[in-house]
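Notes for the one structure printed next.
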Amino acid sequence: MVLKAVWVLIGTVGVVLILIFITIWHLFKRKSIPNELRIDDASEDFVLEEPDCKEIPLKEIYAATNSFNSSNYIGQGIAGKVYKGVLSNGWHVAIKHILKDGHAETFVREITSLSHVRHPNLVTLRGYCEEEDDCFLVYELCPNGSLSEWIFGKEKCLSWVQRLEISIGSARGLWFLHAYTGGCIVHRDIKVN
C-alpha cells in the first residue's frame, strides 16, 4: 500500500514538473518570435459553438437527471453534488446542484466568468437554472469519465505518452484561461475528478 502511494506521488510530481517545463518552454518560444509575426495561440484555439449559456427550466433539469436519481450521481464538489443527465436537445450533461445557503457566490462567479468561454481543453458551461433555494450549473459531460478514473482506476491504464498528451492539453486549457482576452481567469481548484 505504501509502495503504491509512493508511485502515485512520483507520478503526480512528474506530471506537475512536465506542466511547468511546458509552460516555461512555451514562454521562451513566444519571446523568440517578433510581435508582428506572432499568432496568439489562445485566440487560435478559441472555439465558439454558441454565444452564451442558456437558462434551463427546472422541469428539464429534473427530467434530465430522472429527478436526481442515485444512478445518475457522479460525485461531490465543494459547492454541491454533481449528476449526469441528457437534456431534451440530446446534450449529455453534468449538472452541478448548488445549495444557495453558502455557495450562491460560486454560482454567480461561474456563470459570469465561464458562460462565454469555449476551448477544446475546457469543459463548456452549457446552461444554468436558478430557483428559490437551489441553483444548477449545466456543463457538457466528459464522455470518457473523469481523469481520476483513468489515472488511479484499476481497470483502466494510460501509457506515458497518453499521460503526456493529457498534461499538454491541460496546460493549454489553463494557459487559455490565463491569457483570455476577456480577462484573466484563474482556476484555484484544479483536480482530476
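The values are calculated or read from the model by the stated rules, or taken from the named source; none is laboratory data. All of these numbers come straight from a predicted model, not from anything done at the bench. Every residue, glycine as well, gets a Cβ built from its backbone with ideal geometry; the counts of neighbours run over all protein chains shown.
Taking first residues from the stretch 157-174 that are within 15 Å of Val16 (Cβ to Cβ) and partners that are exposed (fewer than 15 other Cβ atoms within 10 Å of the Cβ) and of a type in the set (Ser, Thr, Tyr), the Cβ contacts under 9 Å between residues at least 6 apart in sequence or on separate chains come to Ala171/Thr23; Leu174/Thr23.
Residues are listed down the side, and each one gets a yes or a no for (1) among the charged types (D, E, K, R); (2) surrounded by 19 or more Cβ atoms within 10 Å (Cβ to Cβ):
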| residue | (1), (2) |
| --- | --- |
| Pro57 | no, no |
| Glu60 | yes, no |
| His92 | no, no |
| Glu132 | yes, no |
| Leu137 | no, yes |
| Asn144 | no, no |
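Being out of contact with any strand residue (DSSP E or B) (no Cβ under 9 Å at 6 or more places or on another chain), basic (Lys, Arg), modelled with pLDDT of 75 or more and more than 20 Å from Leu9 (Cβ to Cβ) is a property that holds for Arg172. Evaluate the following for Val161: is it assigned to a helix (DSSP H, G or I), over 12 Å from the mean Cα position of the chain (by Cα) and closer than 23 Å to Gly75 by Cα? Considered against the rule, which asks whether it is assigned to a helix (DSSP H, G or I), over 12 Å from the mean Cα position of the chain (by Cα) and closer than 23 Å to Gly75 by Cα, Val161 comes out as no. Among the residues of the stretch 86-131, those that are free of Cβ contacts under 8 Å to residues at least 12 places away in the same chain and farther than 18 Å from Asn66 by Cα comprise Gly102, Glu105, Val108, Arg109, Thr112.
Just for helices (runs of 4 or more DSSP H) wholly inside the stretch 41-141: which have at least 2 residues that are modelled with pLDDT under 90 and on the phi < 0 side of the Ramachandran plot? Quick ask: steps written out before the conclusion?
Details: elements: 41-45, 58-64, 100-114.
Once the helices (runs of 4 or more DSSP H) in the stretch 41-141 are filtered for at least 2 residues that are modelled with pLDDT under 90 and on the phi < 0 side of the Ramachandran plot, what remains is 41-45, 100-114.
Return the residues of the stretch 53-79 that are under 18 Å from Leu114 (Cα atoms) and of a type in the set (D, E, K, R); say none if nothing qualifies. Lys54, Glu55 - these are the residues of the stretch 53-79 that are under 18 Å from Leu114 (Cα atoms) and of a type in the set (D, E, K, R).
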